[in-house]
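Asks: The structure under discussion is supplied below as structure tokens; questions concerning it will follow.
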């Protein structure tokens with residue numbers, strides 16, 4: 001089958017035609033996806049902040065931001081500019097080096113994880129074989145940054161917040177990884193492209209959410225806990241800990257934490273969309289529609305339509321999940337720390353293990369339906 | 001292929017400098033928290049070197065296990081204990097430091113001599129597209145016994161950790177329990193499971 005649009009191939013080919021060596025053309029191509037990733041993630045954060053403000057306002061029967069731009073869409077930009085102009089404060093007796101490194105270590109792995117998010121057959125920055133495993137590995141670096149920030153602030157609230165954040169993220173990483181493992185078992189691959197391909201056969205009916213309903217719920221709960229979203233925002237519980245590990249931060253360092261948490265939320269929503277909701281494939285497969293309409297599936301305009309539909313579908317699914325997360329945040333109260341750890345270790349972990357075993361058994365029993 | 005090789009060489013140089021620098025920092029810093037954070041740097045640089053060797057799965061596992069679990073646990077231990085103690089400078093402390101440096105330098109010279117003299121056989125086989133499947137095949141065929149032994153070891157340490165963590169000490173009436181057998185630790189009577 002035709003693999004669709006290959007932007008990198010076209011770019012390298014056209015530069016080679018100008019007499020530039022293929023190696024150099026590949027190097028010249030490299031900044032584009034990186035820049036696109038940074039811009040995409042940042043715009044995603046801005047949209048997310050606006051949605052958070054608007055939806056929380058709707059939940060509480062307010063109007064929300066209204067004056068900055070139409071419907072207040074420029075409000076997040078104003079927030080960001082405010083943070084840029086704020087004074088950067090270093091608390092007394094804080095550790096200046098670790099205090100600066102903390103937010104950087106929190107943000108970098110999250111942005112790096114966007115490497116493996118596919119928006120189409122070739123619309124991914126790197127299709128590496130350890131795709132989804134790389135995401136889990138990278139997200140395990142974040143607690144070190146949080147501990148660093150909490151320790152370096154020279155503040156007891158910060159330290160408790162950092163310790164809580166690290167405890168929470170290492171406990172919920174295990175059910176998260178186990179539910180991903182069940183998916184990997186069904187798709188026979190760790191690559192995000194293969195995982196989406198495996199569920200693209202029959203449109204909405206072949207999505208993993210129907211075959212992995214328990215895994216879907218476990219993954220979503222664990223992802224919310226990893227992102228420190230309410231009901232799991234104990235590390236920054238404002239009634240108990242002021243603001244947790246970000247208490248002493250201001251200006252751009254605070255903004256890095258803020259951006260990091262929202263980028264992480266969008267990333268988790270994208271991962272749910274890829275693992276369970278069919279990624280870029282639309283509810284009704286586009287090949288079926290083109291066959292019905294009698295259009296040649298290799299024609300170039302159909303490829304363009306398909307690619308844009310794929311990007312739109314991925315973003316639509318992800319933002320539907322972000323909407324659910326925001327609604328949860330403004331509806332559900334915060335859990336206590338013992339409830340959080342009990343839920344993680346005594347409930348989610350055994351169920352995730354059982355889910356993995358059942359998936360393995362079903363794969364042996366029904367190889368056609370569960371990816372043989 | 002000149003550009004690719006150049007990039008590889010530069011990356012290797014940067015990673016090696018980072019690795020050696022961070023490892024020296026782990027040993028030489030007096031502040032234990034710096035040492036623990038630099039240990040994370042050592043592990044990440046090693047993961048980078050694994051990527052250069054086309055072992056992508058091993059490098060991701062390195063980050064997941066060593067940075068995400070081991071290093072975080074070390075940091076936890078350090079931060080929860082949080083013992084502030086000023087160490088008195090030892091008399092003739094330079095003898096210990098000097099002899100440590102001599103021993104380490106000797107070991108380093110020996111190992112580097114061995115690694116330079118040994119005729120390493122460099123594999124010319126092009127790297128596999130995916131290293132996951134060969135690793136799994138080895139785990140379930142010729143490396144099955146070490147794999148299972150390692151898992152049993154981990155299970156034993158986990159059971160031990162649970163038993164240590166579930167023990168409730170009674171620090172306030174230690175004197176009253178002196179009639180107990182001297183080998184058992186004073187504990188609060190444990191509730192039976194399921195009450």
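Matching residues to (1) crowded, with 21+ Cβ neighbours inside 10 Å; (2) in contact (Cβ under 8 Å) with a residue 12 or more places away in the chain; (3) farther than 14 Å from residue A:165 by Cβ:
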position: A:212; (1), (2), (3): yes, yes, yes
position: A:227; (1), (2), (3): yes, yes, no
position: A:246; (1), (2), (3): yes, yes, no
position: A:252; (1), (2), (3): no, yes, yes
position: A:257; (1), (2), (3): yes, yes, no
position: A:277; (1), (2), (3): yes, yes, yes
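Asks: So which residues in the range B:46-90 are under 30 Å from residue A:154 (Cβ atoms) and crowded, with 20+ Cβ neighbours inside 10 Å? Spell out the reasoning first.
Replies: Going residue by residue through the range B:46-90, those that are under 30 Å from residue A:154 (Cβ atoms) are B:63, B:66-90.
Within the range B:46-90, B:63, B:67, B:68, B:71, B:72, B:75 qualify.
Asks: Restricting to the range A:186-202, name every residue that is within 12 Å of chain B (Cβ to nearest Cβ) and either under 19 Å from residue A:268 (Cβ atoms) or in a loop (DSSP other than H, G, I, E, B) (or both). If you could, list the steps in order and put the result at the bottom.
Replies: First, the residues of the range A:186-202 that are within 12 Å of chain B (Cβ to nearest Cβ): A:188-191, A:194.
Within the range A:186-202, A:188, A:189, A:190, A:191 qualify.
Asks: Of all residues in the range B:28-72, which are modelled with pLDDT under 85, under 24 Å from residue A:167 (Cα atoms) and at the interface with another protein chain (Cβ under 8 Å from one of its Cβ atoms)?
Replies: Selection gives B:33, B:68, B:69.
Asks: Only one of A:337, A:286, A:311, A:326 is over 21 Å from residue A:232 (Cβ atoms) and in contact (Cβ under 8 Å) with a residue 60 or more places away in the chain; which? Walk me through it before giving the result.
Replies: On the way: A:337 fails: over 21 Å from residue A:232 (Cβ atoms); A:286 fails: in contact (Cβ under 8 Å) with a residue 60 or more places away in the chain; A:326 fails: over 21 Å from residue A:232 (Cβ atoms).
After ruling out the rest, the residue left standing is A:311.
Asks: I would also like to ask the following. Which fully enclosed helices (runs of 4 or more DSSP H) of the range A:89-160 have 3 or more residues being surrounded by fewer than 22 Cβ atoms within 10 Å (Cβ to Cβ)? Full working, then the answer.
Replies: On the way: elements: A:96-112, A:131-139, A:142-152.
Counting at least 3 such residues, we get A:96-112.
Asks: Ok, one more. If residue A:148 meets every condition in (1) out of contact with any helix residue (DSSP H, G or I) (no Cβ under 7 Å at 6 or more places or on another chain); (2) on the phi < 0 side of the Ramachandran plot; (3) facing chain B (nearest Cβ under 10 Å) apart from one, which number is that one?
Replies: (1)
Asks: If I filter the range B:141-166 down to residues being more than 19 Å from the chain's Cα centre (by Cα) and within 14 Å of chain A (Cβ to nearest Cβ), which single residue comes out as modelled with the highest pLDDT?
Replies: By that ranking, first place goes to B:162.
Asks: Residues A:349, A:288: which one is assigned to a helix (DSSP H, G or I), surrounded by fewer than 14 Cβ atoms within 10 Å (Cβ to Cβ) and touching a helix residue (DSSP H, G or I) at 6+ places or on another chain (Cβ under 9 Å)?
Replies: Values: A:349 fails: surrounded by fewer than 14 Cβ atoms within 10 Å (Cβ to Cβ).
Going through A:349, A:288 in turn, just one is assigned to a helix (DSSP H, G or I), surrounded by fewer than 14 Cβ atoms within 10 Å (Cβ to Cβ) and touching a helix residue (DSSP H, G or I) at 6+ places or on another chain (Cβ under 9 Å): A:288.
Asks: So, in the range B:124-139, of the ones that are under 27 Å from residue A:188 (Cα atoms) and more than 14 Å from every other protein chain (Cβ to nearest Cβ), which residue ends up surrounded by the fewest Cβ atoms within 10 Å (Cβ to Cβ)? First the steps, then the outcome.
Replies: From the range B:124-139, those under 27 Å from residue A:188 (Cα atoms) are B:125-139; that's our starting set.
Imposing the further condition that a residue be more than 14 Å from every other protein chain (Cβ to nearest Cβ) reduces the set to B:125-126, B:137-139.
Values: B:125: 5, B:126: 7, B:137: 11, B:138: 12, B:139: 13.
Once the filter is applied, the top-ranked residue is B:125.
Asks: Within the range A:71-99, which residues are under 28 Å from the mean Cα position of the chain (by Cα) and without any contact (Cβ under 8 Å) to a residue 12 or more places away in the chain?
Replies: Within the range A:71-99, the first condition is being under 28 Å from the mean Cα position of the chain (by Cα), and the residues that meet it are A:71-84, A:98-99.
Selection gives A:74, A:78, A:81, A:82.
Asks: Among the listed residues A:263, A:259, A:209, A:217, identify the single one that is at pLDDT below 85, part of a helix (DSSP H, G or I) and either in contact with a strand residue (DSSP E or B) (Cβ under 9 Å, 6 or more places away or on another chain) or under 19 Å from residue A:325 (Cβ atoms) (or both).
Replies: On the way: A:263 fails: at pLDDT below 85; A:259 fails: at pLDDT below 85; A:217 fails: at pLDDT below 85.
After ruling out the rest, the residue left standing is A:209.
Asks: A further question on this structure: Taking the conditions exactly as written (assigned to a helix (DSSP H, G or I) and away from chain B (no Cβ under 14 Å)), does residue A:183 satisfy them or not? Don't jump to the end; show me each part of the working.
Replies: Working: assigned to a helix (DSSP H, G or I): yes; away from chain B (no Cβ under 14 Å): yes.
Answer is yes for this residue.
Asks: Same structure again: Please determine, by comparing only the residues of the range A:124-138 that are at the interface with another protein chain (Cβ under 8 Å from one of its Cβ atoms) and at pLDDT 85 or above, which one is nearest to residue A:259 (Cα to Cα). Break it down stepwise before answering.
Replies: To start, the set of residues in the range A:124-138 that are at the interface with another protein chain (Cβ under 8 Å from one of its Cβ atoms) comprises A:128-130, A:133-134, A:136-138.
The next check asks that each one be at pLDDT 85 or above; those that pass are A:133-134, A:136-138.
Numbers: A:133: 23, A:134: 21, A:136: 20, A:137: 20, A:138: 17 Å.
Among those that are at the interface with another protein chain (Cβ under 8 Å from one of its Cβ atoms) and at pLDDT 85 or above, it is A:138.
Asks: Here is a follow-up. Can we say residue A:245 is closer than 21 Å to residue A:116 by Cβ and in a helix (DSSP H, G or I)? Lay out the reasoning, then the answer.
Replies: Details: closer than 21 Å to residue A:116 by Cβ: no; in a helix (DSSP H, G or I): yes.
Here the answer is no, as residue A:245 does not meet what is asked.
The values are calculated or read from the model by the stated rules, or taken from the named source; none is laboratory data. These figures come from a predicted structure and were not determined experimentally. All Cβ positions, glycine included, derive from the backbone under ideal geometry; neighbour counts span all protein chains shown.
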